[in-house]
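One structure below.
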Amino acid sequence: MTRAAEIMSRAASLFPGGVNSPVRAFRGVGGEPIVIKSGKGARITDVNGREYIDFVMSWGALALGHAAPEVLDALGRVMQDGTTFGAPTELEVQLGELIRERMPHIEMMRFVSSGTEATMSAVRLARAATGRETILKFDGCYHGHADSFLVKAGSGVETLGLPDSPGVPASLAALTLTAPFNDLDQVRSLARSTPLAAMIVEPVVGNSGFIPPEPGFLEGLRTIADETGALLIFDEVMTGFRIAPGGARERFGVTADLTTLGKVVGGGLPVGVYGGRRDLMERIAPAGPVYQAGTLSGNPLAMAAGIATLTALTTDTHRAMDTAAARLVDGFRGSASRAGVPLTADHAGSMWGYFFTSGPVRNLDDARKSDVAFFKRFFHAALDRGLNLAPSAFEAGFVSSAHGSAEIGSALSIISESLEAASGKN
Ligand code: KE4
């Protein structure tokens, strides 16, 4: 029995599916998951001693790569003074100021400990501020596992082909309307017929696979929100500090009323953020009556990791990551073309994705038309050759500042070989 198999057999008796988050179980690709021992930069090593170039990067949380020196140094310094107090500290102020410098539309914010906490709190605030109960999300978008979001959700829910999760009261699920991404007509029709508290959207979808907004889509959501009195929530847990330093507002010029962040903003430690218009955020306790709280919210360790990460994410660093992602996607397209494999691949900043279909992929229904069987063969061919991609056809990939020319070049070689292998040509 390999070391990984031994660990996973113990895990199987402890955790549902042997994992602490469903997508890690490899149910979307088959086979046994790799068990990771360590990571450094763009690479990870499993407990069997195998090394991989990693594009999962803890689902987008690691913008500087694994064990980034800047983050480790900051953690080493801060932890000497304690790890959490459950009281105000200057570190949370420093991270909040860094966020607001980059995203000035986030006039006021609240730290929480996960993306799910951020999105569920933003929706509670929207419902309180508008006095309305119904929200609208998009098919295949994933906003964490709060009950209201487990309706036609993406990510692990789509990967596992689960019906919208049992345990969510039908009365609550009925308050979540859905529409296809990129379909303004459907949104306009729903928003005009049902008073909405909010429309929540991934400005660039990463949880149905990678699907960018069509020109005018996000602008149209802003217009519909203004016309109907619904709030617009940009869930930037995945896109934040990836599609542009200032997020969707900088990339698309559209300003949401509330924005949620996670992943990158914690530098690999548990952090979520919700924030936006000051008049809305001042409704949150104790300033206002909308309650939300958290034991480890703003804890010094997580704040230190976030400060170190955002400080290192200079404009030049963003540009280098964008260039690396562009080279990866262009190379992927070239290899697929030479192998005669239908491919739709794209990136937005350092976030990227691909579907084995000629496309276009505008929404979840289009994504579902991709060749998932081919994807599974490709995924394992790549893993066997030392490339760690998301173990799901409905997730995105991430480039870090540690993915240099050598890593992208090696990845492209493996991708080319894996396309051939999946096609049965080698
Ligand atoms: P967390 O509660 O997992 O920190 O964040 C939830 C969330 C909210 N919004 C968006 C746009 C997200 O992508 C996520 C979480 N993303 C998934 C990966 N697609 C996390 C990985 C997992 O579930 O294990």
Test of understanding: among Gly268, Gly288, Gly294, which residue is within 16 Å of the ligand (Cβ to nearest atom), in a loop (DSSP other than H, G, I, E, B), surrounded by fewer than 19 Cβ atoms within 10 Å (Cβ to Cβ) and not assigned by TED's automatic domain parsing to the domain that holds Phe375?
Gly294
Which of the residues belonging to the stretch 2-18 are within 21 Å of Ser155 (Cβ to Cβ) and open to solvent by 20 Å² or more (accessible area, probe 1.4 Å)?
Phe15, Pro16, Gly17
Between Gly246, Gly276, which is outside the structural domain of His347 (by TED's automatic domain parsing), open to solvent by less than 10 Å² (accessible area, probe 1.4 Å) and under 23 Å from Thr314 (Cβ atoms)?
Gly246
Given the conditions (1) open to solvent by less than 30 Å² (accessible area, probe 1.4 Å); (2) in the same structural domain as Gly268 (by TED's automatic domain parsing); (3) within 16 Å of the ligand (Cβ to nearest atom), which single one is not true for Leu95?
(3)
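Grab the helices (runs of 4 or more DSSP H) fully contained in the stretch 136-251, keeping just those with 3 or more residues being within 12 Å of the ligand (Cβ to nearest atom).
Working: elements: 155-159, 170-173, 184-193, 217-228.
The helices (runs of 4 or more DSSP H) meeting that bar are 155-159.
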Can you tell me which residue is most open to solvent (accessible area, probe 1.4 Å) among those in the stretch 155-175 that are modelled with pLDDT of 85 or more and on the phi > 0 side of the Ramachandran plot?
Gly167
Here are some conditions: (1) in contact with a Gly (Cβ under 8 Å, 6 or more places away or on another chain); (2) assigned to a helix (DSSP H, G or I). Gly96 meets all but one. Which one does it not meet?
(1)
The lone condition Ser358 fails out of (1) open to solvent by 60 Å² or more (accessible area, probe 1.4 Å); (2) modelled with pLDDT under 95 is (2)
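Residues checked against (1) at pLDDT 95 or above; (2) buried (at least 18 other Cβ atoms within 10 Å of the Cβ); (3) within 12 Å of the ligand (Cβ to nearest atom); (4) over 22 Å from Ala326 (Cα atoms):
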{"residue": "Val23", "(1), (2), (3), (4)": "yes, yes, yes, yes"}
{"residue": "Val29", "(1), (2), (3), (4)": "yes, yes, no, yes"}
{"residue": "Gly41", "(1), (2), (3), (4)": "yes, yes, no, no"}
{"residue": "Val47", "(1), (2), (3), (4)": "yes, no, no, yes"}
{"residue": "Gly60", "(1), (2), (3), (4)": "yes, yes, yes, no"}
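Within the stretch 271-285, count every residue that is assigned to a strand (DSSP E or B) and either away from the ligand (no atom under 16 Å from the Cβ) or of a type in the set (Phe, Trp, Tyr) (or both). I'd like the intermediate steps shown before the answer.
Taking the stretch 271-285 and keeping what is assigned to a strand (DSSP E or B), we get 272-276, 284.
Next, from what is left, pick out any that are either away from the ligand (no atom under 16 Å from the Cβ) or of a type in the set (Phe, Trp, Tyr) (or both): 274, 284.
Within the stretch 271-285, residues that are assigned to a strand (DSSP E or B) and either away from the ligand (no atom under 16 Å from the Cβ) or of a type in the set (Phe, Trp, Tyr) (or both) number 2.
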Among the residues of the stretch 317-334, are any open to solvent by 30 Å² or more (accessible area, probe 1.4 Å), touching an Asp or Glu at 6+ places or on another chain (Cβ under 8 Å) and at pLDDT 95 or above?
no
Kindly provide the set of residues from the stretch 110-135 that are open to solvent by 40 Å² or more (accessible area, probe 1.4 Å), away from the ligand (no atom under 14 Å from the Cβ) and farther than 15 Å from Asp257 by Cα, ordered by number.
Gly131, Arg132, Glu133
Count, please, the residues in the stretch 323-379 that happen to be over 19 Å from the mean Cα position of the chain (by Cα) and either assigned by TED's automatic domain parsing to the domain that holds Lys263 or among the aromatic types (Phe, Trp, Tyr) (or both).
6
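Evaluate the following for Thr83: is it within 23 Å of Ser38 (Cβ to Cβ), out of contact with any strand residue (DSSP E or B) (no Cβ under 7 Å at 6 or more places or on another chain) and either touching a residue at least 24 places away in the same chain (Cβ under 8 Å) or in the same structural domain as Met57 (by TED's automatic domain parsing) (or both)? Walk me through it before giving the result.
Working: within 23 Å of Ser38 (Cβ to Cβ): yes; out of contact with any strand residue (DSSP E or B) (no Cβ under 7 Å at 6 or more places or on another chain): yes; either touching a residue at least 24 places away in the same chain (Cβ under 8 Å) or in the same structural domain as Met57 (by TED's automatic domain parsing) (or both): yes.
Answer is yes for this residue.
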Enumeration of residues in the stretch 381-426 that are assigned to a helix (DSSP H, G or I), in contact with a Ser or Thr (Cβ under 7 Å, 6 or more places away or on another chain) and crowded, with 20+ Cβ neighbours inside 10 Å
Ala381, Ala382, Ile415, Leu419
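The values are calculated or read from the model by the stated rules, or taken from the named source; none is laboratory data. These figures come from a predicted structure and were not determined experimentally. When we count neighbours, we look across all protein chains shown, and the Cβ atoms used for this are built from the backbone with ideal geometry, even at glycine. Keep in mind that these areas ignore ligands, DNA and RNA; they rest on the heavy atoms of the full protein, side chains included. Shrake-Rupley method; radii C 1.70, N 1.55, O 1.52, S 1.80 Å.
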